[in-house]
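Student: Mind looking over this structure? Questions follow.
Just so you know, all these numbers are worked out from the coordinates, no wet-lab data involved. Here the structure is a predicted model, which means the values were calculated and not measured. Cβ coordinates were reconstructed from backbone atoms using ideal geometry, including for glycine residues, and neighbour counts include every protein chain displayed.
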Amino acid sequence: MPLYEHVFISRQDLSNTQAEGLIEHFGTVLADNGGSVVDSEYWGVKTMAYKINKNRKGHYAFLKTDAPAPAIQEMERLMRLHDDVMRVLTIKVDGHEDGPSVQMQKRDDRGDRRERRS
């Protein structure tokens, strides 16, 4: 089955448990349609570059999935209809990277950045 990565932003006035509950909810939607969530990460509340629906911050979540295209389309449709979800981004990938995403890694562990010149 194809591999996908999803990032979605939910409203800032949700609690952390409610935001993590959205991850579980959309994971069950995938499971009901023949897919599975390989890994999920809750990135926490982050400040956005611009306001979305009068919100300056949002709960960010990241999902790695293995699902057929109809399951992904159904999950995205439900995400767009859900009142608590503000934005959704889905990309198809060739393979999932092992370990945590770049967002969850410490700056020292990244190692791929050059030092700044003064």
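Student: Tell me the relative contact order for the chain as a rounded percent, counting alpha carbon contacts under 8 Å between residues six or more apart.
Tutor: It comes to 38 percent, rounded to a whole number.
Student: Using only DSSP helix segments of four residues or longer, with each worth -39500 (n - 2.57), what per-residue ellipticity at 222 nm results for the chain after dividing by its residue count and rounding to 500?
Tutor: Helices in the chain give a 222 nm mean residue ellipticity of -9000 deg cm²/dmol.
Student: Could you give each residue of the stretch 36-49 its phi-based ³J(HN,Hα) in whole Hz, using Karplus coefficients 6.51, -1.76, 1.60 with θ = phi - 60°, and x for Gly or Pro?
Tutor: Result, ordered by residue: 8, 8, 6, 7, 9, 9, 9, 8, x, 8, 10, 7, 8, 5 Hz.
Student: Taking a label point 7 Å from the Cα of Val45 along the Cα→Cβ vector, which residues of the stretch 5-32 have an amide N closer than 13 Å to it?
Tutor: 10-19
Student: Any idea how far the Cα center of the stretch 1-27 sits from the one of the stretch 61-79, in Å?
Tutor: 11 Å
Student: Quick one: among Glu97, Glu74, Glu20, which has the greatest mean-square fluctuation in a GNM of the chain with alpha-carbon springs under 10 angstrom?
Tutor: Residue with maximal mean-square fluctuation among Glu97, Glu74, Glu20: Glu97.
Student: Further question: Sticking with the crude label model, points 7 Å out along Cα→Cβ, report the distance from Arg56 to Ser36 in nm, one decimal please.
Tutor: Result for the modelled spin labels: 4.3 nm.
Student: Would you mind checking which residues have amide H under 5 Å from Gln12's amide H? H placed 1.01 Å from N; only 5 or more apart, or other chain.
Tutor: Answer set, sorted by chain and number: His59.
Student: Related question: State to the nearest 20 debye the size of the charge dipole of the stretch 3-96 about its Cα centre, where the only charges are +1 on K and R beta carbons and -1 on D and E beta carbons.
Tutor: 640 debye
Student: Let's test the formula: R0 of 22 Å, r as the Cβ-Cβ distance of Leu14 and Leu81. What FRET efficiency results, to the nearest 0.05?
Tutor: Computed FRET efficiency for Leu14 and Leu81 comes out at 0.85.
Student: Further question: Give the peptides 54-67, 80-93 in descending order of average Cβ contacts within 10 Å, highest first.
Tutor: The packing order, highest mean first, is 54-67, 80-93.
Student: Please report, for the Cα atoms of the stretch 1-92, the Rg to one decimal and the Dmax as a whole number; what are they, in angstrom?
Tutor: 12.6, 38
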